[in-house]
Structures are given as structure tokens and as C-alpha cells.
Amino acid sequence: PLAADMEVTGVPTARLWVSADTQDANIFAVLEDVAPDGRSTFVTDGRIRASWRKTHASPWGVREHVWHRGNADDLVPLVPGEPVELVFDLLPISYVFRAGHSVRVSLSTSIGQKYQAPPLAEGKAPTIRLYRDRARPSAVDLPIVQ
């Protein structure tokens, strides 16, 4: 639980190290506010298709945002079992997490039955492994206002 109120204003960025048992997977990250009574409130979310993970410098010079240009030659299938880093922005927010509340990030590979299933997954529901060690430090960076 937070010791004091925490204002988050801007664009959160997910930096997740994952592996899958398929050549592709959708990853949905949901930022939530968890009250002391366990009630959860949606704050923002972001998503990425793992095969489209390649990033580039934005053509308009904004450094704070992660840019995936989406060209066909940027498509890189996953190698099943091999960890990769997925870096993607969540939608911008301005939100105050209150003292006593907790911040939670929930991850999912679907937000509905076969919701935009990646063709490279060949119809299989992927099993994802999230890494959180020194070599692969998964995190969600929050733009905290001091």
C-alpha cells in the first residue's frame, strides 16, 4: 500500500520480458488502483502483438513515446521459449492513487474469446511466461508527478 497520495500524469510505458509457446501472442496490460477493501478500479491499459515488437525513433521527434511503425519488414515472429522484451505505451492518464491504495498491473493474452487472435499463433491460445529477474527486469514505468 502507498504511504502517501501518488499522482501519475502522462504516458505509462510497459517494459515486459516474456516468452511464449507460440510464434505470436497478444499482450494486454491493465493498470489498476486497488483499494484497501480489495475493490479494483481500472485506470488505463495498453496492448501489443509480440511479433510487432520492433521499435523505431519516432519521425516527429517525440522521445517520450514508444513508436512501432508497423511496416511489413518489422514483423518478427517469436521463437517459442525464447525471452524477448516488449516495450509499449499505455494510454495517457492523469490519476491520483490515494494513500493506503495499491497499484496493480494485470496481464492477459486475450480480452475475449479469440479476440483478434494472431495468425502466427495458428489458432492456439498461447501460454506466456513473464520474466522478472536481474537480467530481464519487467516493469511498468509510471510518470509520477512530484
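The values are calculated or read from the model by the stated rules, or taken from the named source; none is laboratory data. Because the structure is predicted, anything quoted here is derived from the model rather than measured. So basically every Cβ, Gly included, is an ideal-geometry build from the backbone, and we count neighbours across all protein chains shown. The protein model used for the area step is the full one, side chains on, heavy atoms only, and it has no ligands, DNA or RNA in it. Shrake-Rupley method; radii C 1.70, N 1.55, O 1.52, S 1.80 Å.
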> Considering only Ala14, Gly70, Ala3, whose Cα is most displaced toward the positive end of the charge dipole of the stretch 1-109, charges sitting on Cβ of Lys, Arg (+1) and Asp, Glu (-1)?
Replying inline: Gly70
> When N counts the residues of the stretch 39-146, how does its alpha-carbon radius of gyration compare numerically with 2.2 N^0.38 Å, as a ratio?
Replying inline: 1.23
> What's the extension gain from Val79 to Ala57 if we count 0.36 nm per residue and subtract their Cα-Cα distance?
Replying inline: 5.4 nm
>> What is the sum of charges, Lys and Arg at +1 and Asp and Glu at -1, for the other residues whose Cβ falls under 11 Å from the Cβ of Phe28?
In response: +1
>> Once ligands and nucleic acids are excluded and a 1.4 Å probe is used, how much of Arg129 is accessible, expressed in Å² to the nearest 10?
In response: 140
> Fully extended, how many nm does the chain gain between Gln116 and Val145 (0.36 nm per residue separation, minus their Cα-Cα distance)?
Replying inline: 6.9 nm
> Considering the dipole of the chain built from charges on the beta carbon (Lys and Arg +1, Asp and Glu -1) around the Cα centre, which of Ala121, Val140, Trp52 is farthest to its positive end?
Replying inline: Ala121
> Arg136 versus Thr41, label points 7 Å from Cα toward the beta carbon: distance in nm?
Replying inline: 3.5
